[in-house]
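Colleague: Below is one structure. I have some questions about it.
Readers should treat all values here as calculations from the given coordinates under stated rules, not as data from a laboratory. Quick caveat: nothing in here was measured; it's all calculated off a predicted structure. With ideal geometry, Cβ positions are generated from the backbone for all residues, glycine too; neighbour counts draw on all protein chains shown.
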Amino acid sequence: MAKTDKSAVIAELTEDFRGAGATIVTEYRGLSVTSMKALRRSLGGSTKYSVAKNTLMRIAAKNAGVEISDDLLKGPSAVAFIKGDPIDAAKSLRDFATENPSLVIKGGIYEGKLVTTEEIMKLANLESREVLLAKLAGAMKGSLAKAARVFDALRIKLEAGAPEAAQAPEAPAAVVEKSSEEEAGDAGAPASEPEVAAAAETVESGTQE
């Protein structure tokens, strides 16, 4: 490979390392060209599957400030640069490797840390972001529906009790009876001394006249 071509490949790989949220290193020994195309299709547009010499991969990773183990870059290596959901990419690689044993998942980098094959498999077994969001949306929909039913029941109850609430409240029977007794008691109560004196003066005045 010419020096200018190597520089171009390194520059492209460097940008791939910088732009990827996660990377998974694989060995593709034994895969046909047709199988490689099928693998790229299964990874989708958010993951770039690149084949390059290990020496160029090391240089590009170093230029991008990414630490990658030398053990990962042995033998024919291809790197999946993941810009989308790492879980989806891990699932696609796992499923493809199950059907095509020639693809070997060697490890990678996830959240800035080196991860082993076993850790990538654990990642692949997790539920993807889309699945989690769908479950969350379903739970929220159920909660909203329940809240709506409670609200409707409360509204119906309030509407049913509205005429009674609009009527003026009646005085309690005990209060009515007490008022009547107080009026009766006032009518039959003995007059006070000033009232008696005033009545006597009126009588005497009427007698003198």
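Colleague: Is it the case, given these coordinates, that S42 is touching a strand residue (DSSP E or B) at 6+ places or on another chain (Cβ under 7 Å), surrounded by 15 or more Cβ atoms within 10 Å (Cβ to Cβ) and more than 17 Å from Y110 (Cβ to Cβ)?
Modeller: no
Colleague: Any idea which of (1) under 23 Å from E118 (Cα atoms); (2) in a helix (DSSP H, G or I); (3) under 33 Å from the mean Cα position of the chain (by Cα) is the one T23 doesn't satisfy?
Modeller: Unmet condition: (2).
Every residue, every condition in (1) in contact with a helix residue (DSSP H, G or I) (Cβ under 7 Å, 6 or more places away or on another chain); (2) basic (K, R), yes or no:
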site: R40; (1), (2): no, yes
site: D70; (1), (2): no, no
site: A80; (1), (2): yes, no
site: G107; (1), (2): yes, no
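Colleague: A further question on this structure: Within region 98-131, how many residues turn out to be among the aliphatic types (A, V, I, L, M), assigned to a helix (DSSP H, G or I) and without any contact (Cβ under 8 Å) to a residue 40 or more places away in the chain?
Modeller: First pass over region 98-131, keeping only residues among the aliphatic types (A, V, I, L, M): 103-105, 109, 114-115, 120-121, 123-124, 126, 131.
The next check asks that each one be assigned to a helix (DSSP H, G or I); those that pass are 120-121, 123-124, 131.
Applying the additional criterion that residues be without any contact (Cβ under 8 Å) to a residue 40 or more places away in the chain yields 121, 123-124, 131.
The qualifying residues number 4.
Colleague: Does A52 fit the bill of being among the hydrophobic types (A, V, I, L, M, F, W, C) and within 12 Å of F17 (Cα to Cα)?
Modeller: No: the conditions fail for A52.
Colleague: Looking only at region 79-105, which residues are surrounded by 20 or more Cβ atoms within 10 Å (Cβ to Cβ), over 28 Å from the mean Cα position of the chain (by Cα) and either polar (S, T, N, Q) or under 26 Å from A11 (Cβ atoms) (or both)?
Modeller: V79, A80
Colleague: Among K48, K37, K62, which is the only one that is of a type outside the set (A, V, I, L, M, F, W, C) and touching a residue at least 12 places away in the same chain (Cβ under 8 Å)?
Modeller: K48
Colleague: Please verify whether L13 is crowded, with 16+ Cβ neighbours inside 10 Å, on the phi < 0 side of the Ramachandran plot and assigned to a helix (DSSP H, G or I), treating the condition exactly as stated.
Modeller: When the stated conditions are applied, L13 passes them.
Colleague: Looking at region 50-84, which of its residues are over 20 Å from E118 (Cβ atoms) and part of a loop (DSSP other than H, G, I, E, B)?
Modeller: A52, K53, A64, G65, V66, P76, K83, G84 - these are the residues of region 50-84 that are over 20 Å from E118 (Cβ atoms) and part of a loop (DSSP other than H, G, I, E, B).
Colleague: State all residues of region 20-36 that are closer than 24 Å to D71 by Cβ, among the small types (G, A, S) and surrounded by fewer than 19 Cβ atoms within 10 Å (Cβ to Cβ); if no residue qualifies, say none.
Modeller: If the condition is that a residue be closer than 24 Å to D71 by Cβ, among the small types (G, A, S) and surrounded by fewer than 19 Cβ atoms within 10 Å (Cβ to Cβ), then G21, G30 are the ones that fit.
Colleague: Cβ contacts < 9 Å: first residue within 13 Å of I59 (Cβ to Cβ), restricted to region 2-24; second residue surrounded by 19 or more Cβ atoms within 10 Å (Cβ to Cβ) and of a type in the set (F, W, Y), any location; separation 6+ or different chain. Result?
Modeller: So the pair list comes out as L13/F81; D16/F81; F17/F81.
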